[in-house]
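Everything on this sheet refers to the single structure shown next.
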Amino acid sequence: MRGILLYDLDLPDSEDWAGQIQDALKNTKDISSLEELQQIIKDKKIKGLSAFRISRMLLEEETEDQESIVVSCKGNVQRILCHKIIYVESNKRTVKIVTREKIYVIYMKMDHLEAMLPDYFLRTHQSYLINMEFARKFSAEGVLLSEEELKIPISRSRYREAKKKFEEYYNCRK
């Protein structure tokens, strides 16, 4: 679970909001979730500031800072947050992007999509890219993804390079 850390607030439209929130939080211990912040704002009845509005602004700000890709899916342009992508599977020129919430089917070359994604994505096979954040087990038989309980194949030609990148990624996270 992500925590929220508020040091300084720069909120649009009202300069006194930051002061109101700071006053409301003076006697409060650590806030570990957006829901707790919403409840404090609601309880203190901060003028001109609804719990919904502050949470929406914080979430919008968080979303804007995150890496994303923009793709055309069924005639609509879609923005997909990279950290939500579990894996990508291609079949000829059709690419399936699997997230927790939705599956996007687009027409694009896998190489082109791979170039758009951050370095925590790993190409395990001609037809598969995985988000290493979701990988739980790496072996010659494939990569086990935790979210889908799915084993993604690793081609023999990519095994050494994939293993090295996987190990580097997890060693850097420690």
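The values are calculated or read from the model by the stated rules, or taken from the named source; none is laboratory data. Every value quoted in this text rests on a predicted model; they were computed, and no experiment measured them. Glycine also receives a Cβ, built like all others from the backbone with ideal geometry; neighbour counts cover every protein chain displayed.
Structure above, values below:
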{"read-out": "Some residue of the stretch 117-126 being at pLDDT 90 or above and more than 22 Å from residue 172 (Cα to Cα)", "value": "yes"}
{"read-out": "Which listed residue is within 20 Å of the chain's Cα centre (by Cα) and either polar (S, T, N, Q) or closer than 11 Å to residue 86 by Cα (or both), from 146, 157, 139", "value": "146"}
{"read-out": "Cross-chain or 6+ apart pairs with Cβ under 8 Å, the stretch 69-95 first and at negative phi, then assigned to a loop (DSSP other than H, G, I, E, B) and among the small types (Gly, Ala, Ser)", "value": "89/127; 90/127; 91/127"}
{"read-out": "Extreme residue, surrounded by the fewest Cβ atoms within 10 Å (Cβ to Cβ), among residues of the stretch 123-133 that are aliphatic (A, V, I, L, M) and within 16 Å of residue 69 (Cβ to Cβ)", "value": "129"}
{"read-out": "The stretch 146-174, residues that are among the basic types (Lys, Arg) and touching a residue at least 24 places away in the same chain (Cβ under 8 Å)", "value": "158, 163, 165"}
{"read-out": "Given (1) under 23 Å from residue 69 (Cβ atoms); (2) surrounded by fewer than 18 Cβ atoms within 10 Å (Cβ to Cβ); (3) without any contact (Cβ under 8 Å) to a residue 24 or more places away in the chain; (4) not small (Gly, Ala, Ser), index of the condition residue 143 fails", "value": "(2)"}
